[in-house]
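Asks: Let me give you the structure first, and then I'll get to my questions.
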Amino acid sequence: MDSQHWRAVITAAQSGDRQALDELVAGWLPLVYNIVGRALNGHADVDDVVQETMLRAVGNLGSLRDPDSFRSWLVAIAMRQIRDRARRRIPERLEEAAASDFAELTVLRLQLEGQRREVAEAVRWLDDEDRQLLSLWWLEVAGELTRRELAAAVGITRQHAAVRVQRMKERLETSRGIVRALDGVCPDLRELTGRWNGRPDSVWRKRLARHIRGCGYCGGTRETVVPAERLLVGIALVPLPVGFTLSLAFGGKTAVAAGSAGWSAKLLGALTKPAVAMTAGATIVAGGAYVVTQPPDAPPPKAAVTPTATAASEPPPSASPTPIPTLSPTATKKADLYGSLVDAVDRAPDPDARPAALPRRPESGITSTGGPKAVMQHRGDSVTLSGRGYVLVRWQISPHARPGGVVMPAWTGLKGKLFHVASGGSRRMDDPLPGAPNGYVTGMGGPDIGYAVLPPGTQQMWQNEYFYVDGTVTLTQNERGCDYGIAVFPSDWAAVDKDVNTGPAQGAIRYGLVRDTGTDSAPVPQYVTRATPADPATVPQRSRV
């Protein structure tokens, strides 16, 4: 989202606009959670530090003079809370493990593999000070922070920050070598680690590093080592955990803090009343608590893109087998088939289940800026559709080139109506490909090449997705994690009807699925807005416009 938009949101929030405050918290909470989570390595104090950071940000928002400096101001608050926590902390016993290792969360929730997994696991071997710096540098190379903001958050000059970052990177590379060696079968290393309790620390990091430097087996690399910054480019934020709750207006402490910043009594009253104001990843509920919601059976998702997401390229990761992600459907009534499943993981119909009848909508034809077939392979590619008629969006995911989280395409600048009317192509993208060994390879990937992972709550795509346009809308390819392409074809009712009714013959897997009721109750795409944001990848997931 562009800086002009966030400037307006911050100004409105400073004036007591609850909706603006809602958007501000939802938009920036993931960034704060990732900074604190990595700096504390997922310690049980993470929730408290995130809570205190956001509380102080909300309470002091009125003192922020320049809305353009909000991000660096917020990051600096987070780092101060991290350092304050370190000063207050009572020395912990060695046997007290972290509540949830953030390195492990990074691997599992982003489904990292190969050398990306290695980098995430190497974080465990860093000291607290290095881990705090890494939490910022990680976001810098991923395009979420600038070097100026990193230096300001640490409280040093940019020149000093460059030196500190370089030293931290050297220790990170040493730690990567340790992770690599521990995965090997060196007998001398096994003997050395016989006395190790399995918990990474600086003493054992130095011992293992000395062994690796003098060991021909452990010191040799059997593959090209990709620099950490190249591996981190394009990696998304780790998503907030299910059920993560942030109380911003509950009890006297919050009310006093907010009141000191000049918040109106009307705003405080609104925040502490039961509400159902939806945001891009959170809901305000009774007591003024932000509760992050996610379908319980959704696969490990890619985090929501923060307002500063930038395009970046990344090298293909090393492949390693992983279990196939399962997409368990969210329970729904049969009568709720149309217009209600856009924000849930929907159920794949039985292969022999014929689709419902496809309603016929008026057609006068669709014009496309991409011609009869627009192929979009790269982030930022777009096509504008105008007129009245049907449109086919055909998916092609390439996990063999680059697996990971899928940043879904966005429909922007909508004038008129847009409906998701049917899904076809004779298969869903998570169906096993015909002829695949053991049925493990699907359109979303396989154990030998990695998997494409959908954002939380997103419907599983079919090979062909059909939409009906009555007006004008632009579809933008937002690729950032997983490598994918989409082709856009103006179509017609007859072609849609033929596709969804093509049964499981000649290699097809299942009939299609009709989603259109013929009325305005038909679902609209998940990522759609009537606005035209500077970065379409920041369009929040919503099912209504």
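Asks: Once both labels are modelled 7 Å past Cα along the beta-carbon direction, what's the THR367-ASP183 spacing in nm?
Replies: With each label point 7 Å from Cα toward Cβ, the separation is 5.4 nm.
Asks: Here's something else I'd like to know. Using modelled backbone amide H atoms (1.01 Å from N, in-plane), which distant-in-sequence or interchain residues come within less than 5 Å of GLY425's amide H?
Replies: ASN464
Asks: So what J values fall out for segment 471-477 if you push phi through Karplus, 6.51 cos²θ - 1.76 cosθ + 1.60 with θ = phi - 60°, rounded to Hz, Gly and Pro as x?
Replies: My calculation for segment 471-477 gives x, 9, 7, 10, 9, 10, 7 Hz in order.
Asks: A further question follows. Using R₀ = 25 Å, calculate the FRET efficiency as 1/(1 + (r/R₀)^6) where r is the Cβ-Cβ separation of LYS417 and THR146; round to 0.05.
Replies: The computed FRET efficiency comes out at 0.05.
Asks: Compare HIS211, HIS420 by solvent-accessible area with a 1.4 Å probe and give them largest first, with all protein chains kept in place.
Replies: Ranked from most to least accessible, the order is HIS211, HIS420.
Asks: Which residues does the label zone of SER398 cover in segment 471-489, counting backbone N under 16 Å from a point 7 Å along Cα→Cβ?
Replies: Those under the cut-off are 477-488.
Asks: Working out 0.36 nm times the residue gap between ARG80 and ALA534, then minus their Cα-Cα distance, what length gain in nm do you get to one decimal?
Replies: Residue separation times 0.36 nm, minus the Cα-Cα distance, leaves 160.3 nm.
Asks: Let me ask you something else. Taking amide H positions as placed 1.01 Å from N in the peptide plane, with prolines and chain starts having none, which residues 5 or more places from ALA452, or on another chain, fall under 5 Å of its amide H?
Replies: GLY404, GLY445
Asks: Would you tally the net charge around ALA508, using a Cβ to Cβ cut-off of less than 11 Å, leaving ALA508 out, and scoring K and R as +1, D and E as -1?
Replies: Charge balance in the 11 Å sphere: 0.
Asks: Another question, if that's okay. May I ask you to compute the full-extension gain from ASP492 to ASP520, defined as 0.36 nm times their residue separation minus their alpha-carbon distance, rounded to one decimal in nm?
Replies: 8.2 nm
Asks: Provide the per-residue ³J(HN,Hα) series for segment 144-155, in order, calculated from phi with Karplus coefficients 6.51, -1.76, 1.60 and θ = phi - 60°, each as a whole number of Hz, with x at glycine and proline positions.
Replies: These are the phi-based 3J(HN,Hα) values: 9, 9, 9, 5, 4, 5, 4, 4, 5, 5, 7, x Hz.
Asks: Same structure again: Suppose all protein chains stay in the model; what accessible area per residue would a 1.4 Å probe give for segment 468-529, in Å²?
Replies: 30 Å²
Asks: How large is the accessible surface of TYR511 in square angstrom, using a 1.4 angstrom probe and rounding to the nearest 10?
Replies: Here the residue's solvent-accessible area equals roughly 30 Å².
Asks: Under 5 Å between amide hydrogens, which residues at least 5 positions from SER491 or on another chain qualify, with H placed 1.01 Å from N in the peptide plane?
Replies: Long-range HN contacts for SER491: TYR390, VAL391, LEU392.
Asks: Starting from the Cα of TRP196, step 7 Å along the direction of its Cβ; do the same at GLU129; then give the gap between the two resulting points in nm.
Replies: The answer from the label model is 2.4 nm.
Asks: For segment 354-419, just run the numbers: alpha carbon Rg, then divide by 2.2 N^0.38 Å, N being how many residues it has.
Replies: This ratio for segment 354-419 stands at 1.37.
The values are calculated or read from the model by the stated rules, or taken from the named source; none is laboratory data. All values derive from a computational prediction rather than experimental measurement. We place every Cβ from the backbone using ideal geometry, glycine too, and count neighbours over all the protein chains shown. Only protein heavy atoms, including side chains, enter the accessible area calculation; ligands, DNA and RNA are left aside. Shrake-Rupley method; radii C 1.70, N 1.55, O 1.52, S 1.80 Å.
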